[in-house]
Each structure stands twice: as structure tokens, then as C-alpha cells.
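Engineer: The structure is given below, and queries will be raised subsequently.
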Amino acid sequence: MSRKLLRTIALGFVAIPATAALLAAQVVAAASEPPADPRPNILFAIADDWAWPHAGAYGDPVVQTPTFDRVARAGVLFSRAHVIVPSCTASRGGILTGQAAHRLECGADLWSRLPAKFRCYPDILQSHGYTVGLMRKGWGPGSLENTGRSRNPAGPNFRNFGEFLATVPPGRPFCFWFGSSDPHRPYERGSGERAGIDPAKIAVPPFLPDTPTVRSDIADYYFEVQRFDRELGEALRLLEESGRLDNTLIVVTGDNGMPFPKAKATCYDAGTHVPLAVCWKTKIPGGRVVDDFVTLTDVAPTFLEAAGLTPLPEMTARSLLPILLSNRSGRVDPRRDHVFTERERHTCTRPNDAAYPVRSIFTERWHLIWNLRPDLWPAGNPPEESVGRDYGDIDGSPTWSEILEKADDPAVRPFFLAAAGSKRPEFELYDLQSDPGEMVNLAGRPETEPIRRELLDKLRKWMQETGDPRFLGETDFWDVCPYYGQRPNPPAARP
């Protein structure tokens with residue numbers, strides 16, 4: 001018999017009148033409280049610049065992510081989740097609206113705006129009885145000026161998750177955006193090694209040179225991934241202590257790829273492929289890995305459907321709920337055999353603030369990239385044509401500084417050219433099975449031409465069906481959208 005039960009029995013023998021009075025008070029209190037809403041709470045946890053497959057659940061033996069791994073074990077781990085755009089503002093706008101970024105006007109650009117006419121799921125849930133909130137980075141970066149919005153589209157700001165939970169009325173469901181700033185740059189150099197991360201054990205991606213500098217830089221990135229995971233663990237602890245964990249739909253992911261050359265701000269796999277784990281203890285069968293292609297725009301209709309609402313008609317995404325509730329692993333929905341990604345303007349690093357428009361389609365084996373302005377520099381203008389920070393779409397870092405400094409070194413030059421040092425052809429086609437780093441472009445070869453045409457037809461059909469201005473011939477819309485970031489961009493970081 002437990003100590004708690006023994007203590008209860010002992011107190012009962014000596015204080016029967018007091019116990020009866022307490023029970024009576026509890027009955028009165030219960031009668032006065034509103035019944036608990038059966039709809040789920042929603043916790044959306046999003047890291048800043050966290051890429052697949054950098055989590056223990058995906059088999060990475062170096063980075064330690066016990067909280068993410070816990071969510072994956074308790075629910076569903078997605079192996080092929082992509083953001084719609086590899087850039088913060090547009091990616092987050094797509095998540096909130098459930099729409100392709102090209103439908104969001106200036107919301108497709110970094111550091112611009114998202115007009116209020118584009119409805120976001122937190123507002124819909126709040127209008128149906130949910131308490132909503134935001135911690136740190138929600139939609140953004142950008143401006144709310146002239147948008148018709150009085151607050152961040154992700155919800156009102158709170159200092160932390162605990163402060164928010166204290167405001168949720170008893171029995172009412174909540175929707176909280178847990179927006180970390182990790183692992184966004186800048187990093188404290190050497191922080192990874194000081195935390196016990198061994199750079200020698202890191203698997204360097206094939207699109208980066210394998211040098212001590214790069215390994216140390218990735219270790220620092222891993223350190224911030226681990227910090228995000230620890231902070232998320234505290235949020236789950238608060239849910240457990242408050243008795244809310246079992247009926248909370250938890251989604252953990254990142255907003256775009258890792259902040260390294262040929263990753264973030266590009267439509268390569270390393271720029272859009274992100275971790276994704278989802279659990280809901282009372283509803284979702286756990287312990288599954290799903291290989292369907294999904295996009296984070298699918299989050300908005302999923303949340304609405306979980307709350308008993310119908311996804312908005314303007315949403316181009318589809319709810320993940322059928323997959324989550326299916327009790328199936330591997331390939332679940334045969335329609336989800338591909339995913340589309342895109343980008344417009346990341347930073348103002350080309351003449352006339354020009355965007356670098358890209359549309360792309362992934363399948364299990366192939367990735368087709370359509371560069372709609374191959375006459376422009378893909379990562380921004382080089383020094384000889386500088387309009388601000390050279391190659392401004394690439395975050396300053398020790399990795400990028402080393403690549404620039406050694407750009408003429410035969411061992412490093414291929415990485416420089418692939419990231420920024422050469423203009424890209426209109427089409428790029430990669431075999432993801434034999435070339436996961438996407439270093440060998442197969443477009444233009446006779447043997448791959450049927451594949452290119454087939455994928456391009458699907459891509460153009462998607463653009464047409466979703467009203468993409470690029471398909472309609474409107475080629476300069478995103479060049480003239482306001483940019484509220486710093487001008488000119490600061491110089492690239494140096495080691």
C-alpha cells in the first residue's frame with residue numbers, strides 16, 4: 001500500500017467530519033466549474049533554421065534531442081517533411097495560412113508583410129473559443145505596418161509558456177506557438193565542443209567541404225539544436241504537471257534548413273527538408289515513421305480539423321489528420337508522392353531589389369528545380385557587382401568565410417561554385433538516391449529528358465491551379481515589395 005494511501009486512511013479515521021466538509025465543498029466547486037472542452041490543446045514548437053536529419057530520432061548519433069525523440073516515439077515521425085519556402089518569413093506565413101507562399105503577395109518575401117486578408121489559424125481558433133499565445137519568434141521577420149493587423153499573426157506575446165498557461169481559463173483549450181530563436185546564427189564559436197560535442201564524429205553534408213572549421217561550425221549549430229530541445233522539454237514538463245499533456249496535440253519542427261551555404265534560402269533539399277514529429281496521446285497511435293511527402297503548410301488545416309472545424313477554402317494544403325489517425329507506417333496516402341517548394345526574395349542583394357524566383361518539385365528519387373531568372377546570381381551579387389553585402393542570401397559564418405577565402409583552392413572551389421560562385425541553369429535535376437548532396441546536375445542529358453518534362457508538367461500544373469503569378473507572367477511583383485530589414489546588409493562575419 002502506498003504512503004499516500006496510508007496517510008489518507010489515517011487522516012480519515014481522525015478527521016471524518018473535516019473530510020465530509022471537504023467533499024461537500026468539492027461537489028459545490030465542481031458544479032460551478034464549466035465542463036472541460038474535449039477539443040485538444042495545441043502546442044506548435046518551431047525551431048529557427050533546424051534541418052533534417054539532425055535529431056536522434058533520425059539516426060544522428062551526435063546531436064542529442066531526447067525531447068524531440070520522445071515526441072516521435074509517442075506519435076509519428078515524418079521522414080519527408082518540407083517547408084514551402086526556405087526562408088523564415090514566407091515559411092511561417094505558409095504555416096499560419098495553410099497556403100502556398102506565392103498566394104500571399106508580399107508575404108512570400110523575407111522582411112516584408114502579411115496583409116490581414118490572409119486568414120491565419122490562431123485567429124480562427126480564437127474565434128471558436130481557444131486561448132492563443134506566442135513565445136518569441138512567431139511570424140516574421142517583417143512589419144505589421146499597413147497590414148490591418150494589431151498583433152503578430154501567431155498570437156499575442158508571452159514571456160514564456162508557463163506565463164501563458166497561467167492565463168488559460170479552466171476547461172478551455174489553448175493553442176500556443178512555441179517559437180525558439182535557436183539554432184539561428186550567430187553562434188558562440190567553440191560552444192559545441194565546450195558542451196561535449198565531438199566535431200570528429202559529425203557527418204559533414206556532401207555539399208560542404210570537410211574541414212576542421214566546418215566541423216566546429218556544425219558542432220556549434222548542434223549545440224543550439226540541443227538547447228532548443230531542452231527548452232521544449234521544460235514545456236512538456238509543464239503540460240504534465242498541469243494534467244494537460246494527454247490531450248495536447250504537439251507538433252515539433254523547424255522553419256527552414258540549416259544556416260549554411262547551399263542550404264537555408266535555397267530550394268535544395270538541405271534548404272527545405274526539416275524534422276517533423278507529431279503526437280497526441282489520446283488519439284494518435286504512436287511508434288510510427290511515415291514516409292509520405294508532407295509540407296508544413298499542412299499544419300493549419302490539421303489544427304482546424306483537430307478542433308472540429310473545416311479547413312478554410314483558400315487553403316492549398318491538406319490536413320495530416322487522416323495520416324496521424326491511420327495507425328499506418330511507411331507510405332500511407334498514395335497521393336502524397338511528391339511535394340512542391342518555392343522561393344522569391346530572401347535579402348536585397350541584387351540590383352533593383354530583384355528576387356531570385358525558384359519553383360521545385362521533389363519525388364522519392366528525383367528533384368527538379370526551375371530557376372526562373374537564371375540571368376541573376378543565385379545567392380546575390382558577387383563583389384565585382386556588389387549592391388550591399390556580397391552573396392547576401394548566405395548567412396555570414398566561419399564556414400562561408402573559409403569557402404570564400406579558399407575559393408581558388410581546387411579542393412574547395414566546387415563548393416564555392418555550387419553555393420554562389422556561378423549562375424545556375426534554368427533547370428536542375430538531381431537523383432536523390434545516388435546524389436543526396438545535389439552536386440551533379442542531370443538536366444540536359446538525353447536519358448533524363450523524359451523525367452524533366454514529366455516533373456515540369458506537374459510543377460506547372462500546380463502553379464496554374466494555385467494561381468502563381470509567375471505562371472501568369474507577373475515577373476516583378478516581389479521585387480517591389482517593401483523590405484523592412486537593415487539596409488545595406490552588414491558585412492559577412494569573419495572567424
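The values are calculated or read from the model by the stated rules, or taken from the named source; none is laboratory data. Just so it is clear, the model here is predicted, and its values are computed rather than measured. Here the Cβ positions follow ideal geometry from the backbone for every residue, glycine too, while neighbour counts run over all protein chains shown.
Engineer: Which is surrounded by fewer than 20 Cβ atoms within 10 Å (Cβ to Cβ) and in contact (Cβ under 8 Å) with a residue 12 or more places away in the chain, of 343, 328, 318?
Structural biologist: Going through 343, 328, 318 in turn, the sole match is 328.
Engineer: Please state which of the following conditions residue 289 fails to meet, knowing it meets all the rest: (1) out of contact with any strand residue (DSSP E or B) (no Cβ under 8 Å at 6 or more places or on another chain); (2) aliphatic (A, V, I, L, M); (3) surrounded by fewer than 24 Cβ atoms within 10 Å (Cβ to Cβ).
Structural biologist: (1)
Engineer: Let me ask something else. For the list (1) at positive phi; (2) in a loop (DSSP other than H, G, I, E, B), I need the number of the one condition that residue 352 fails.
Structural biologist: Among (1) at positive phi; (2) in a loop (DSSP other than H, G, I, E, B), residue 352 violates only (2).
Engineer: Anything in the stretch 236-269 that is part of a helix (DSSP H, G or I), surrounded by 24 or more Cβ atoms within 10 Å (Cβ to Cβ) and in contact with a strand residue (DSSP E or B) (Cβ under 6 Å, 6 or more places away or on another chain)? List them, or say none.
Structural biologist: If the condition is that a residue be part of a helix (DSSP H, G or I), surrounded by 24 or more Cβ atoms within 10 Å (Cβ to Cβ) and in contact with a strand residue (DSSP E or B) (Cβ under 6 Å, 6 or more places away or on another chain), then no residue fits.
Engineer: Looking only at the stretch 358-376, decide whether some residue is of a type in the set (S, T, N, Q), over 30 Å from residue 142 (Cα atoms) and not in a loop (DSSP other than H, G, I, E, B).
Structural biologist: Within the stretch 358-376, one or more residues are of a type in the set (S, T, N, Q), over 30 Å from residue 142 (Cα atoms) and not in a loop (DSSP other than H, G, I, E, B).
Engineer: To continue, here is another question. Identify, from the list 166, 108, 116, the residue that is in contact with a His (Cβ under 7 Å, 6 or more places away or on another chain) and either more than 28 Å from residue 54 (Cβ to Cβ) or touching a residue at least 12 places away in the same chain (Cβ under 8 Å) (or both).
Structural biologist: Criteria check complete, one pass: 108.
Engineer: Which one is surrounded by the most Cβ atoms within 10 Å (Cβ to Cβ) among residues in the stretch 41-65 that are polar (S, T, N, Q) and more than 17 Å from the chain's Cα centre (by Cα)?
Structural biologist: Among those that are polar (S, T, N, Q) and more than 17 Å from the chain's Cα centre (by Cα), it is 41.
Engineer: Among 144, 134, 110, which is among the aliphatic types (A, V, I, L, M) and modelled with pLDDT under 95?
Structural biologist: Testing whether each residue is among the aliphatic types (A, V, I, L, M) and modelled with pLDDT under 95 leaves just 144.
Engineer: If you don't mind, another one. When you scan the stretch 312-345, how many residues do you find that are assigned to a loop (DSSP other than H, G, I, E, B) and closer than 30 Å to residue 250 by Cβ?
Structural biologist: 21
Residues are listed down the side, and each one gets a yes or a no for (1) crowded, with 21+ Cβ neighbours inside 10 Å; (2) touching a strand residue (DSSP E or B) at 6+ places or on another chain (Cβ under 6 Å); (3) not in a loop (DSSP other than H, G, I, E, B); (4) not charged (D, E, K, R):
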position: 171; (1), (2), (3), (4): no, no, no, yes
position: 183; (1), (2), (3), (4): yes, no, no, yes
position: 189; (1), (2), (3), (4): no, no, no, no
position: 193; (1), (2), (3), (4): no, no, yes, no
position: 196; (1), (2), (3), (4): no, no, no, yes
position: 203; (1), (2), (3), (4): no, no, no, yes
position: 213; (1), (2), (3), (4): no, no, yes, yes
position: 217; (1), (2), (3), (4): yes, no, yes, no
position: 227; (1), (2), (3), (4): no, no, yes, no
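Engineer: Next question. At pLDDT below 95 and among the small types (Gly, Ala, Ser) - does that describe any residue in the stretch 372-387?
Structural biologist: Yes, that holds for at least one residue.
Engineer: Let me ask another. Quick check, is residue 360 more than 30 Å from residue 104 (Cα to Cα), surrounded by 17 or more Cβ atoms within 10 Å (Cβ to Cβ) and touching a Phe, Trp or Tyr at 6+ places or on another chain (Cβ under 8 Å)?
Structural biologist: When the stated conditions are applied, residue 360 does not pass them.
Engineer: Report yes if residue 150 is closer than 22 Å to residue 68 by Cα, out of contact with any Gly (no Cβ under 9 Å at 6 or more places or on another chain), loosely packed, with under 15 Cβ neighbours inside 10 Å and of a type outside the set (A, V, I, L, M, F, W, C), otherwise no.
Structural biologist: When the stated conditions are applied, residue 150 does not pass them.
Engineer: Run down 402, 447, 428 and say which single residue is outside any loop (DSSP other than H, G, I, E, B) and free of Cβ contacts under 8 Å to residues at least 40 places away in the same chain.
Structural biologist: 447
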